[in-house]
Every structure is written in C-alpha cells, then in structure tokens.
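Chemist: Pasting a structure below so you can have a look.
The values are calculated or read from the model by the stated rules, or taken from the named source; none is laboratory data. Just so you know, these numbers come straight off a predicted model, no measurement behind them. Please note: Cβ atoms are built from the backbone with ideal geometry, for glycine as well, and neighbour counts cover all protein chains shown.
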Amino acid sequence: MFSHTTESQNMKFLNLKAFTTLLLMMPVLAFAHSEQGIAGGFVSGFTHPIFGWDHVAAMVAVGLWGAFLGKPALWLLPVVFPVVMAVGGALGVLGIDLPHVETVIAASAIVLGACIAAALRPPLWVAAVVVAAFAIFHGHAHGTELPDAANPFAFAGGFVLGTGLMHIAGIAIGYLVRWSWGVKIVRGLGGVIAVAGVGFLFGFIAA
C-alpha cells in the first residue's frame, strides 16, 4: 500500500517536472521558431523576384529607363517601383484579387522595354505612373505566393531589397547612355526586354 502511494507520488512529481520544464522551454522554442520564420521569410522574399525572369526583366527595365531619362527619373523610378510594389504585396497577402496579374506582369516587360527601345521621354509624372501601375501587379504576385511559414514583414523586406538590386543593375547598365554607342546598346537591351515580354505573355519563355 505504502509502495503504491510512493509510486503514485513519484509519477505526479515527474509529470509536474516535465510540465514545468516544457513551460520554461516554450519562450525559447517560440523565439527560435520566430527567428527561423524571419530568416526564412527574408530569404524567400529576396530570391522570389530574382528567380522570376519576368520580374527581373521589368525591374532591370525600370533601372534602364530611369538612367536613360536621367535625373530625377534616375532615382525616382527605382524608388516608386518598390514602394508601390510593397502596397501590391500587402493586397496579395490580404487575399484581395487583382485581374490578369501574370498578363500585366508580362505586359510590363513589353511596355517598359519598348519605351527604352523607342527612346521615349515622357513627362516625369507619366513615367512614374506607368512604373507604379505595373509595380502593383508585381507586388501582388509576390504577396499571393508568400510561404505559409514565412514572416510577412521579413518577406516584404526581402523582395523590396531584391527588387532594389535589380534596379541598381539596370541603372549601372544604363549609364552607358553617356556615350553614343552606349545609347544604342541600351536601346537594344530595351528591345530584347520587350521581345522577352512577348515570350512571357505567350508562354514561349518560362517566367
């Protein structure tokens, strides 16, 4: 009888000890899970635009067009795009639908590439509106593809940074317009981007 009571008390003590240990470990586990979610979300967001050729084409085109137009478009267009894209990403995360997202993304490469190829120099506000309109759809695509386990804020930070790097690449190439032969190269790249956009639109090129 005494032995049975002692065993019962020991079991209760062990259960209490296990439960207490679990409670003490929960903040640590939660923090580790949070850190993993933040890191994973940032990496996923950063690589998402870089590994999507339709996104890369449009983002490089924004930088190219900005460099082609010169200041203040040089810095304004690459700022407008990621800022408005973040708004589109929020719409995607919230589940707010936009029509024909992939079609518009492909069209963005066509339009922006054609603007560069044709050496179009619209008023600054027109160029900014065109870039912003396409940015909403690019951001929406990122937002709707947010991994379930990812931290949405880290994911957004990642894809904004990745987008910025693509803009910088376009600007760097766009600096070739300072030479007459460089203008031809930049306009030629615009034509290549526009053709690639047609390929994305009709499925000839995998996005």
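Chemist: Is one or more of the residues making up region 151-163 surrounded by fewer than 17 Cβ atoms within 10 Å (Cβ to Cβ) and either among the polar types (S, T, N, Q) or modelled with pLDDT of 90 or more (or both)?
Modeler: The answer is no; no qualifying residue exists.
Chemist: Looking at region 66-105, which of its residues are under 14 Å from residue 133 (Cβ atoms), of a type outside the set (Val, Ile, Thr) and assigned to a helix (DSSP H, G or I)?
Modeler: Matches in region 66-105: 77, 81, 85, 88, 91.
Chemist: Now for a separate question. When both residues are 6+ apart or on different chains and their Cβ atoms are under 9 Å apart, which pairs have a first residue that lies in region 84-107 and is touching a residue at least 12 places away in the same chain (Cβ under 8 Å) and surrounded by 13 or more Cβ atoms within 10 Å (Cβ to Cβ), and a second that is in a helix (DSSP H, G or I) and among the acidic types (Asp, Glu)?
Modeler: Correct list of pairs: 102/54; 105/54; 106/54.
Chemist: Now, a different point. Which of (1) buried (at least 21 other Cβ atoms within 10 Å of the Cβ); (2) under 14 Å from the mean Cα position of the chain (by Cα) does residue 146 not meet, given it meets every other one?
Modeler: (1)
The rows are residues; the columns are (1) under 23 Å from the mean Cα position of the chain (by Cα); (2) farther than 17 Å from residue 138 by Cβ; (3) modelled with pLDDT of 95 or more.
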position: 171; (1), (2), (3): yes, yes, no
position: 189; (1), (2), (3): yes, yes, yes
position: 192; (1), (2), (3): yes, yes, yes
position: 196; (1), (2), (3): yes, no, yes
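Chemist: Working only within region 49-65, note down all residues that are within 14 Å of the chain's Cα centre (by Cα), crowded, with 19+ Cβ neighbours inside 10 Å and part of a helix (DSSP H, G or I).
Modeler: Once the filter is applied, which keeps residues that are within 14 Å of the chain's Cα centre (by Cα), crowded, with 19+ Cβ neighbours inside 10 Å and part of a helix (DSSP H, G or I), region 49-65 yields 49, 54, 55, 56, 57, 58, 59, 60.
Chemist: Is it true that residue 113 is modelled with pLDDT of 95 or more, within 18 Å of residue 186 (Cα to Cα) and not aliphatic (A, V, I, L, M)?
Modeler: yes
Chemist: With the structure loaded, tell me whether residue 31 is farther than 21 Å from residue 153 by Cβ, modelled with pLDDT under 75 and of a type in the set (Phe, Trp, Tyr) or whether it fails that test.
Modeler: no
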